[in-house]
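K.L.:
Would you mind keeping the following structure in view while I ask a few things?
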Amino acid sequence: MLANDVQHHYIEDRDGNRITEAMFQGRYYPAFPGVVERLERLPELRARGDDIVICAYPKSGTHWTWEIVTMLMIGKAETIPQEKTEQFLENVDQETLESQPSPRVLNTHILPDIYPPDLVRKKCKILRIQRNPKDVMVSYYHHIKDRVMYGYEHGKWPAFFELCMSGNVEYGSWFDYVIAWKKFEDENPDVPILHLQYENMIKDLSTAVEKIAGFLNVTADKSLCDAIAHACTFDNMKQSKAECYPKEKLERWYKKEYNLYRKGIVGDWKNWFTDAQNEEFEKEFKRRLQEAGISTKVE
Ligand code: A3P
């Protein structure tokens, strides 16, 4: 195997459809070339005191938050002519990260058990964005089904739902992710963490931008926050990001019709979950989160 290659592992659903993945320490990750080596090297990552890290379970609004934070750091409500993947820990080598100017807006979906220790030591600020896990699951289904790299184009929702509930997906189950980060937070009270909720951002984005600016100690008056909120609505981002990012770069990973900016709404799960699936989810949600002492609500 080439150093930059990746060994494939497969998640098989009940219909026999397979999802192509990489694996590290018993957990599945996107099979980007070199991903395993990159994960192995996370303990060596050299943090800078002004690094900002967005930590989110996949499909919770990571791209959205990255765009807002980056605009705030630059102080302009202008579309960033880059993708958040260029600062995505799973996707970028440390040498490349080292060459990037400060402040870096790192982002990742990893769980805290492999979170780079220097980011903790230097108390780098973390933004944790969370979204209704039912909408996350539906968004995740489209993400996996529509990206060529996964080979899951025939995957059906009922089978994917089962994979999510059993945690047989990239990064493991949403429940384990949220519980692990709660534990991290309890154990590291000195690390500044801002919690954001996708649904609140949809309701009132200007207020969310102001909150982020305050957390990051960025001087941003109301008109700048409003302008950033405007530039980062779903429709505006869908259009402006497509215009500024070279499509050829995306086509290697995506089917032509794949678009990260799929729907960007609250409650799409209602179009997908059956009553039985909803009941199963609610039961597990209550059980797992109550046990962990977490009081998140889903609607
Ligand atoms: P949907 O698939 O439900 O549309 P991530 O960046 O963590 O992968 O999350 C992707 C999800 O966030 C997608 O959800 C995407 O449409 C949504 N999203 C991206 N930008 C958004 C924005 N500006 N406003 C609302 N949702 C956005």
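K.L.:
Can you put Ile126, Ile202, Ile294 in order of accessible area, largest first, using a 1.4 Å probe?
P.N.:
Ile202, Ile294, Ile126
K.L.:
Next up: How large is the translational diffusion coefficient of the range 1-92 in µm² per second when you combine the Kirkwood radius over alpha carbon pairs with Stokes-Einstein at 10 °C and 1.306 mPa s?
P.N.:
Here the translational diffusion coefficient equals 102 µm²/s.
K.L.:
Can you pull the accessible area of Glu279 for me, 1.4 Å probe, Å² to the nearest 10?
P.N.:
About 130 Å², rounded to the nearest 10.
K.L.:
Spelling out what I want: for every residue of the range 110-122, take phi, set θ = phi - 60°, compute 6.51 cos²θ - 1.76 cosθ + 1.60 (Karplus), and round to whole Hz; glycine and proline get x.
P.N.:
5, 8, x, 5, 10, 5, x, x, 5, 5, 6, 4, 8
K.L.:
Okay, moving on. Run the quick spin-label model on Ala276 and Ile74: label points 7 Å from Cα toward the beta carbon, then report their separation in nm to one decimal.
P.N.:
Inter-label distance under the simple model: 5.0 nm.
K.L.:
When the helices in the chain are scored as -39500 (n - 2.57) per DSSP H run of 4 or longer and the sum is shared across all residues, what 222 nm value do you end up with, to the nearest 500 deg cm²/dmol?
P.N.:
Taken over the chain, the calculation gives -12500 deg cm²/dmol.
K.L.:
For Lys222, list the aspartates and glutamates whose Cα falls under 13 Å from its own Cα; do not include residues on the same chain fewer than 8 positions away.
P.N.:
Excluding near neighbours in sequence, the set is Glu210.
K.L.:
Let me ask you something else. Between Glu284 and Ile193, what FRET efficiency follows from the Cβ-Cβ distance if R0 is 25 Å, with the result rounded to 0.05?
P.N.:
Using R0 = 25 Å, I get an efficiency of 0.50.
K.L.:
Grab the Cα-Cα distance for Asp15 and Cys244, subtract it from 0.36 nm times how many residues apart they are, and report the gain in nm with one decimal.
P.N.:
Contour length minus the Cα-Cα distance gives 78.5 nm.
K.L.:
Under 5 Å between amide hydrogens, which residues at least 5 positions from Ile129 or on another chain qualify, with H placed 1.01 Å from N in the peptide plane?
P.N.:
Hits under the 5 Å cutoff: Cys55, Leu196.
K.L.:
Could you check the spin-label model distance between Ala292 and Ser99? Points 7 Å from the Cα along Cα→Cβ, value in nm.
P.N.:
3.8 nm
K.L.:
Something else: Pairs Lys59/Lys183; Lys76/Lys183; Lys211/Lys297; Lys125/Lys270: which exceed 24 Å Cα-Cα?
P.N.:
Pairs exceeding 24 Å: Lys76/Lys183; Lys125/Lys270.
K.L.:
Cα to Cα, under 19 Å, and not fewer than 8 places away if on the same chain: which aspartates and glutamates meet these conditions relative to Lys145?
P.N.:
Cα-Cα hits under 19 Å: Glu12, Asp13, Asp15, Glu21, Asp135, Glu153, Glu162, Glu170, Glu251, Glu257, Asp268.
K.L.:
Take the alpha-carbon positions of the chain, form their convex hull, and give its projected area averaged over all directions (one quarter of the hull surface) in nm².
P.N.:
For the chain, averaging the hull's shadow over all directions gives 15.2 nm².
K.L.:
Right, next: For the range 145-274, state the average projected area of the convex hull of the C-alpha atoms over all orientations, rounded to one decimal in nm².
P.N.:
Reported value for the Cα convex hull: 10.7 nm².
K.L.:
Roughly how many Å is it from the Cα centre of the range 24-83 to that of the range 256-299, as a whole number?
P.N.:
Answer, in whole Å: 24.
K.L.:
Sort Asp275, Asp268 by accessible area with a 1.4 Å probe, largest first.
P.N.:
Asp275, Asp268
The values are calculated or read from the model by the stated rules, or taken from the named source; none is laboratory data. The model shown is predicted, which means the values in this text are computed figures rather than measured ones. Backbone-built Cβ (ideal geometry, glycine too); neighbour counts: all protein chains shown. For accessibility, only protein heavy atoms count, side chains too; no ligands or nucleic acids. Shrake-Rupley method; radii C 1.70, N 1.55, O 1.52, S 1.80 Å.
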